[in-house]
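What follows is a single structure, written as structure tokens, with notes after it.
The values are calculated or read from the model by the stated rules, or taken from the named source; none is laboratory data. This is a predicted model, so every value here is computed, not measured. Note: ideal-geometry Cβ built from the backbone for every residue, glycine included; neighbour counts use all protein chains shown. Quick note on the areas: whole protein, heavy atoms, side chains included, nothing else; ligands and nucleic acids left out. Shrake-Rupley method; radii C 1.70, N 1.55, O 1.52, S 1.80 Å.
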Amino acid sequence: MKTDIKKALITGVTGQDGSYLAEFLLSQGYEVIGMFRRQSTDSFGRIAHIKDKIKLACGDLTDMSSLLEIIRDARPDEIYHLAAQSFVPTSWEQPILTGDVTGLGTTRILEAIRKVNPKIKFYNAASSEMFGKVKESPQNENTPFYPRSPYGVSKVYGFYITKNYRESYGMFAVNGILFNHESPRRGPQFATRKISLAVARIKAGLQKELQMGNLDAKRDWGYAPDYVEAMYLMMQQKEPEDFVIATGESHSVREFCESAFAHAGLDYKGHVKTDQGLIRPAEVDVLVGDASKAHKLLGWKPKVRFKELAKIMVDADLALVKSAHTQ
């Protein structure tokens, strides 16, 4: 019996973007299947509140057979590929793993789609890290790539293999070139969340200092829930195209520190220290995106801007720290 309810498979459903996307697709009436990787510890914290509303499937981007089985069983209309080894510093420590998971993992999913049902729509999470040592500013869909980390290189591979399958097999396969997007669900190892969590802990008297790397690196920071909506809009177009998703504003890590600490009534200068050991071997100095194509064709624009983003994250971590120490 045919149903009109759309099915979406999300790889990386337990991550920041996966959890917000699952929420959004449920609100659009989708049946959601989330792929997760088996771990020795529970990784369902971000989706605990919707776990009973979605189906979960265990798979691994390095295991082709698991991908084939999941896609055959789920029979999705759309696949949102968000899973990756996505932490840039780790890509320097584990470059081969990063290439296998983040680069070749994308190929394995595309090949599984081609074998099971090439009519399945595919979204690939590309990254602004592909631009790296930027050739022009702001960066748009035509800006040349110059990645500066194994993670960035693997994302470039994923971008081009997605484009290759689209052009070679006529598949609906799109790349979302998303610039940095943050939220209270961001992992604590990422710069913005590391800052907001430290602000909350310093405010509560639980720590005194925050060690950071390059405070002058500039990024285009948006709000993750805004960005997952852009993913959805790309998949609803008549023709598959690649899109830059960004706010068009660039702010330094130092500025994020300043805004975050100030929101809690603190001066970042008294707490933030530079640790040379946290400086990357090859730094990406400035990233800022031009999302005019997305504005025009998708009707998408960011709702949350830089200062509001810092406030949202600090308020969430202040509440988190308070809750943890009043139980």
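The figures follow:
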quantity	calculated
Among the residues listed as GLU255, GLU283, GLU249, GLU241, the single one being acidic (Asp, Glu) and outside any loop (DSSP other than H, G, I, E, B)	GLU255
Filtered residues of segment 28-37 (kept if under 20 Å from the mean Cα position of the chain (by Cα) and either at pLDDT below 95 or over 15 Å from TYR80 (Cα atoms) (or both))	PHE36, ARG37
Selection status of LYS218, touching a residue at least 24 places away in the same chain (Cβ under 8 Å), closer than 26 Å to TYR146 by Cβ, open to solvent by 40 Å² or more (accessible area, probe 1.4 Å) and touching a His at 6+ places or on another chain (Cβ under 9 Å)	yes
Count - residues of segment 187-209 that are open to solvent by less than 10 Å² (accessible area, probe 1.4 Å) and under 19 Å from GLU255 (Cα atoms)	6
Members of segment 258-267 that are in a helix (DSSP H, G or I) and either open to solvent by 60 Å² or more (accessible area, probe 1.4 Å) or free of Cβ contacts under 8 Å to residues at least 40 places away in the same chain (or both)	GLU258, ALA262, HIS263
Any hit, segment 86-98, residues being of a type in the set (Asp, Glu), at pLDDT 95 or above and at negative phi	no
Candidate set from segment 48-76 (those that are within 18 Å of ASN117 (Cβ to Cβ) and among the polar types (S, T, N, Q)); member that is least open to solvent (accessible area, probe 1.4 Å)	SER66
Filter result (among the charged types (D, E, K, R) and either part of a strand (DSSP E or B) or at pLDDT 95 or above (or both)) within segment 132-170	GLU141, LYS155, LYS163, ARG166, GLU167
Number of positions in segment 268-315 that are under 21 Å from GLY132 (Cα atoms), at pLDDT 95 or above and either among the β-branched types (Val, Ile, Thr) or loosely packed, with under 12 Cβ neighbours inside 10 Å (or both)	1
Any chance PRO184 is in contact (Cβ under 8 Å) with a residue 40 or more places away in the chain, surrounded by fewer than 21 Cβ atoms within 10 Å (Cβ to Cβ) and closer than 18 Å to LEU318 by Cβ	yes
Elements of type helices (runs of 4 or more DSSP H) contained in segment 45-104, each with 2 or more residues being in contact (Cβ under 8 Å) with a residue 60 or more places away in the chain	64-74, 88-93
Matching option when the condition is part of a helix (DSSP H, G or I) and either farther than 20 Å from MET235 by Cα or open to solvent by less than 60 Å² (accessible area, probe 1.4 Å) (or both), among GLY18, GLY34, GLY29	GLY18
Of all residues making up segment 171-192, the number that are assigned to a strand (DSSP E or B) and either among the polar types (S, T, N, Q) or under 18 Å from VAL116 (Cα atoms) (or both)	2
